[in-house]
């Protein structure tokens, strides 16, 4: 498994109503197992369990789930056929695709994201592996809770206020825990630290000016919601990355990352592939960390090369963003440009501090445009980011910076 998270997104308000979930899988053992796992969590209520997409579509309006865990391959109506029909019946429905780690299913899962699915969970290939996989169970439950909580909150403050008032308490937003303040003494930055930057929800975060050094690399970290966000960013950045390589860590399992690299290449109209151990970085190329490995960079005479390591998960993730960002800072210093996009957990928060301490620049996605504001929220809370931007503005901003303009 590529990663397993333990916490819901930073900055999310607690919801007293349980998250209503429907499970759709043709395998009775798997369906029963997922239903039991989800039902054991006090914040989740399973409201439907079906063996094919047709039955699930017919039950959407009656059961009214917040989240559907949807298998891909099923008789009578498969997941890809059911997906648009479900979304047509309930526009704010969160659909999480569940598929085994085959290339075909990876392709289908990524296509489902473009058609409206919120995310996916890769299932182990055999029933026995599913039964014993702690990581799969944790990832399933955490994604249901993170995405379901956001969906409920996005329906408006009125519902959240009603839910919390009925529980006998006043709604209070949960604030990310800020990092310890640091002093910026780097000559590579223009001026003093800016006092604050506004993020979604009215919260204020400390920001810093961009490095005066023109970037020689672009490093991006992302997780839940990342494939869609990366696609949008790379479409914009492709025309501006002539002189820099792009390195990406997206929390994904093997097979998925190879296909993601292909999609990034098509979006940017640039060469893109999984990084290979010992490979030298080339400007204008995109390198995606392969699932199940950490990708780091190593400076040597004549350039910078990729190293793949098989160490333990970092922040419960493998690949993880922090090791990549740490190595980027060492190899490129003030010429580093790092970006944190949507994702659960806090992976990348330590890495952006390393990038910043080395004189580099950091951009993070704002809360309103993030599928889950865990990773970008944690990065924003460090106080070392240069900008906290909506997704639509990140690609254009990166393009300007790569061309030497930080305004």
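Quick check on residue 322: is it assigned to a helix (DSSP H, G or I), under 16 Å from the mean Cα position of the chain (by Cα) and under 20 Å from residue 355 (Cβ atoms)?
It is true that residue 322 is assigned to a helix (DSSP H, G or I), under 16 Å from the mean Cα position of the chain (by Cα) and under 20 Å from residue 355 (Cβ atoms).
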Notebook entry, point to check: How many of the residues making up the stretch 347-357 are touching a helix residue (DSSP H, G or I) at 6+ places or on another chain (Cβ under 6 Å) and surrounded by fewer than 24 Cβ atoms within 10 Å (Cβ to Cβ)?
Noted result: 2
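Considering only residues that are part of a loop (DSSP other than H, G, I, E, B) and closer than 12 Å to residue 328 by Cβ, which ones fall in the stretch 345-358? Spell out how you get there, then give the answer.
Filtering the stretch 345-358 for residues part of a loop (DSSP other than H, G, I, E, B) gives 345-348, 358.
Answer for the stretch 345-358, where residues must be part of a loop (DSSP other than H, G, I, E, B) and closer than 12 Å to residue 328 by Cβ: 348, 358.
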Check: Looking at the stretch 23-36, which of the residues that are at pLDDT 95 or above and in contact with a helix residue (DSSP H, G or I) (Cβ under 6 Å, 6 or more places away or on another chain) is surrounded by the most Cβ atoms within 10 Å (Cβ to Cβ)?
Finding: 23
Notebook entry, point to check: Would a scan of the stretch 372-383 turn up a residue that is at pLDDT 95 or above, surrounded by 21 or more Cβ atoms within 10 Å (Cβ to Cβ), over 29 Å from residue 150 (Cα atoms) and touching a strand residue (DSSP E or B) at 6+ places or on another chain (Cβ under 7 Å)?
Noted result: no
Check: Would you pick out the residues in the stretch 384-407 that are in a loop (DSSP other than H, G, I, E, B), out of contact with any helix residue (DSSP H, G or I) (no Cβ under 8 Å at 6 or more places or on another chain) and more than 25 Å from residue 146 (Cα to Cα)?
Finding: 386, 404, 405
Check: With 109, 99 as the choices, which residue is modelled with pLDDT of 90 or more, within 22 Å of the chain's Cα centre (by Cα) and either buried (at least 20 other Cβ atoms within 10 Å of the Cβ) or over 24 Å from residue 292 (Cα atoms) (or both)?
Finding: 109
Next item on the list: Quick one: which residue in 130, 237, 144 is under 30 Å from residue 66 (Cα atoms), crowded, with 16+ Cβ neighbours inside 10 Å and modelled with pLDDT of 95 or more?
Entry: 144
Next item on the list: Determine which single condition residue 67 fails, assuming it passes every other condition in (1) closer than 19 Å to residue 122 by Cα; (2) more than 23 Å from the chain's Cα centre (by Cα).
Entry: (2)
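The values are calculated or read from the model by the stated rules, or taken from the named source; none is laboratory data. Everything numeric in this text was worked out from a predicted model, so none of it was measured. Here the Cβ is made from the backbone with ideal geometry for all residues, glycine too, and neighbour counts use every protein chain on show.
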